Structure formats: C-alpha cells, structure tokens
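> Attaching a single structure in structure tokens format; questions to follow.
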Amino acid sequence: MLSAAQLQTLKACAFGATATFALFAGDGAFAQEPDPIEVKGELTIVTGLVDGELKSDANARLSATSSTVLQNGIELGGSATVRANGNEPAHRYAGGRYSSLLSGGTRGLGSDDGDVFLEGAYLFAKGGFGSVNIGHDAGVASRLAVTSPSIFRSIGVNDWQTDLTGLNDVHTVNDFSGQSAKISYMPPPGLLGGLIGQFQLGLSYAPEIGDCSADGCAPVSGFVVGPNGDLVSVEQSWQDVLETAVYYQNGIDIGKSPLTVGLSASYVHAEDGGDQTVDEALQPLFGDYRSYAVGMNVAYGNLTVGGSLKSSNAGLNQDRDEDYLAFDAGVTYETGEWNFMLGYGAAEAERDAALLVGPVLNGTLVPLGLDRQTQTAQAGISYVFDRGVTLGAAAQYVDSDKADALGGPEKAGAIVFESSIKF
C-alpha cells in the first residue's frame, strides 16, 4: 500500500509527464500503432556456506516496455519494473549498506516491509534532442556508473544484491536518490561527431526524497545517542536532489583486438530538508548530502580490468567529504562459456555508523568515534548455457573491523553458488 507522500509524488509526476509529453507531441499524429510490449526478466538464486552455516537468497525482476513513434520522429513510451527481493532495504543508504545512519531515495513503490515492490515506473521521450525520463527511475549517476568488472549478477565485492556474510559494507555506486520520482535528461551521445570517442552526459533532478520515519531511515541498527543517554531515532528528508554524470568510451586498434577504455564520473548533491529528531539539539549534526564517484574499465580481447571509487560526507554536517570512502578493483576473463574473475574491495566509514553523538560532558556532546573498516575479496568461475542460463561458484572473504559498540571485529569466509536466468 502506498503512503500519502508516495501518492502525492506519483500524482505530481504524472501531471508533469503528461504536460511534457504533450509538448513533445505537439500537433503531430501518431505515425504508427504502438509497438508490442517488450517483456524482459531475470531470476537469480544464491546458496552458500558461511563459516559452515547454510544460507540462501533469491532475486527476481520483471520489466515491460512499450513505445510509439510520432510523425515528427520522436519516440514516446513507458516502462515499468516489478522486483522481488526481501534483502533490499526500503531506502538507499548514504554511505555503506551496514554503516549508514541516514538514507536517501526509496527502492520503489510499495510497502516498506514487503518483499515485492514496483521498482520503476516512468515515461520516456527520445529523439534528436536526446532522451528524457520522467517518473520513478534510477538517476544518471547510477545509470552511467562504471565499477570493477564481474561475471555474477548478485554476488560481488561491490554493488551486490546478495551478501550472505552480512558484513560487506563496500558500495561505490552513486545511487543516493534510489528509484525516487525524478526527471532525467541525456543529450545525444557523442562529442564532435564522435571524433574523440563516445561521450555521454546526464542530468537528473528530484524535488524531494525520503519520506521515511522512525528506524525506516536506518538500514541496519542506525541510531543516535541523545544527551540523556537514550537512543534517538531519526526522521529525515532531502530536497533539490541534483545528479550530474558523464561516461566516455573509446577504442584503440592494437593487434587483432581493439583496446577499449570506459570512464565514468558523477556528483550528487541533496539539500537537507530539515531532519527531525526527538531532541532538536541533534539537528546541527546533519547537513546537505554530497558524494562523488569515478570508475574505469579497460578491455582487451577476453580480458577486462577496472575499478571505482566513491567519497561522501554521508549527509553529516562536517567540513570533510570523506565520512564514507570506498573503492573496488577487479579483473575478468570471459571466453563466452567459461568465465573467471578476481575482485577486491575496501571501505572506511569514519563518522557514518551510529556515531558522532555521545553523552553530554560540560554541556558539549562527546563523539563516540564508532568507526568501521571493511575489506573483502572474491574469486569465482561461471559457465554460460544456452537460453540465458548461467551457473557459477565463488569463494568470498570479508574482514569487518568495527567498534565493540557495533558488535566488535568480525571475519567471515563463504563458498557461494549462483544460478541465474535471463529472458
């Protein structure tokens, strides 16, 4: 069931989309009947042993897209995606998955407690001007992101959908706005007619995100200790969320195979919408959200190497922007059927966990200093069958160094099996 805030956002988005599409269509009639609805889907099942304990997880996604072309050559369409994933938090996180106190945009439309939700629902227009998306959709900072290469759909050292260890806090994708209602624009790809390679720019804007309440803003045990020693839950919102991103790709002929380079960079800024806490004295601890991310991949033949980095203030009102810092690096070798990978990731959350606020000492809030450092590595192999079926296995290791108040240091090793199908 949708909340009142979600319904209001959906209505505003529908009104804006209708007005925009009317502007694109002008007085031109449809040149043809709408194309048949294109349906795509994927299902991933992960099972593994984590320090001898058997665990499993499943993810499913089903999307439908349809469009039509006007007489003026503009393509208008819509897309919707349904997602089933009980391990996905209701809101994106400001820093790492497990270390964040504050959160950002919603994962989609639907109950925060449900395993099935509408991940995306948006309208789009494409033409000589580029492309415009309006609705619940990922922002350009996420859509144009480059991270370390992987051969798996769900498991990985970064940007994972499944983490059976429950410790991997590495996240370098700049996706703070989540699937919140927004408008995104991408001009036509290419610069100077593609003379220097493929060059794609993007811009996204969300008027407001974050209608969570109580512990809904804290992915895992996020809390603040108030002046009286009690735990204080945080309600927060963000406004004027702006994303800018760029992606560049170019190929250089070297021998029998081209050397292809892909680069990405993005910046996300969100204004503090007025955090609400039980004690107003805690409000100065939070401020505008700032985050930047960069990534690079280099491919030659069957071999791809690359990595990425993200730095963020995690929504905390501090002078520095590295309250959360993460990076990953990896290599894959893909033959078409047999594929191999190695990956490494690390993250440091210095002021992002439950932190920053402790008891009052001589009228001053005393920082608790609850830091969290994470290192993770993964080696894996997969085999691709016909009809989009892939089976793979990986060995994972995660070292989570955190304060005793957060459970103390933990380490975990896992043998994980992933099966996936795309259609």
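The values are calculated or read from the model by the stated rules, or taken from the named source; none is laboratory data. Not measured: the values here are computed from a predicted model. No Cβ is skipped: glycine too gets one built from the backbone with ideal geometry, and neighbour counts run over all protein chains shown. Note: areas computed on protein heavy atoms with side chains; ligands, DNA, RNA excluded. Shrake-Rupley method; radii C 1.70, N 1.55, O 1.52, S 1.80 Å.
> For the range 93-174, what is the accessible area per residue in Å², given a 1.4 Å probe and the full set of protein chains?
Per-residue accessible area for the range 93-174 comes out at 25 Å².
> If you don't mind, there's one more thing I want to ask. In terms of the Cα gyration tensor, with a ≥ b ≥ c the square roots of its eigenvalues, is the range 134-209 rounded because a/c is under 1.5, prolate because a/b exceeds b/c, or oblate?
It is oblate, given that a/c is not under 1.5 and a/b is not larger than b/c.
> Mind ranking 254-262, 295-303, 168-176 by how tightly packed they are, going by the mean number of other C-beta atoms within 10 angstrom, highest first?
For the peptides 254-262, 295-303, 168-176, the packing ranking is 168-176, 295-303, 254-262.
> Do any of K182/K422; K126/K310; K310/K411 go past 26 Å between their Cα atoms, and which?
Violating the 26 Å Cα-Cα cut-off are K182/K422; K126/K310.
> On a 1.4 Å probe surface of the protein chains, which of R97, R61, R143 comes out largest in accessible area, and what is the full order?
In descending accessible area the options line up as R143, R61, R97.
> Could you check the spin-label model distance between T47 and Q239? Points 7 Å from the Cα along Cα→Cβ, value in nm.
With each label placed 7 Å out from Cα toward Cβ, I get 5.1 nm.
> Output the peptides 132-138, 287-293, 339-345 sorted from most to least packed, where packing is the average of other Cβ atoms within 10 Å over each peptide's residues.
Packing order, densest peptide first, comes out as 132-138, 339-345, 287-293.
> What's the local net charge at S308, with K and R +1, D and E -1, over the other residues with C-beta under 10 Å away?
Net local charge, S308 excluded: -1.
> Between W338 and Y383, how many nm apart are label points set 7 Å from Cα along the C-beta direction?
Distance between label points: 1.0 nm.
> Could you tell me the center-to-center distance, by alpha carbons, between the range 50-71 and the range 384-423 in angstrom?
Measuring centre to centre over Cα atoms gives 18 Å.
> So, for the range 383-423, what is the accessible surface per residue at a probe of 1.4 Å, expressed in square angstrom?
Here the per-residue accessible area is 57 Å².
> Separate question: With each pseudo-label sitting 7 Å past Cα toward Cβ, what's the N250-S131 distance in nm, one decimal?
About 2.4 nm separates the two model spin labels.
> So, counting K/R as plus one and D/E as minus one, what does the shell of residues with Cβ under 13 Å around V132 add up to?
0
> Long-range amide H contacts for S291: which residues qualify at under 5 Å (H placed 1.01 Å from N, peptide plane, sequence gap of 5 or more or a different chain)?
V268
> Another question about this same structure. Within the accessible area of the range 89-151, what % is carbon and sulfur when the probe is 1.4 Å and the other protein chains stay in place?
49
> Also: Stretch D113-A403 to full length: gain in nm at 0.36 nm per residue minus the Cα-Cα span?
Extending this stretch completely gives an extra 101.5 nm.
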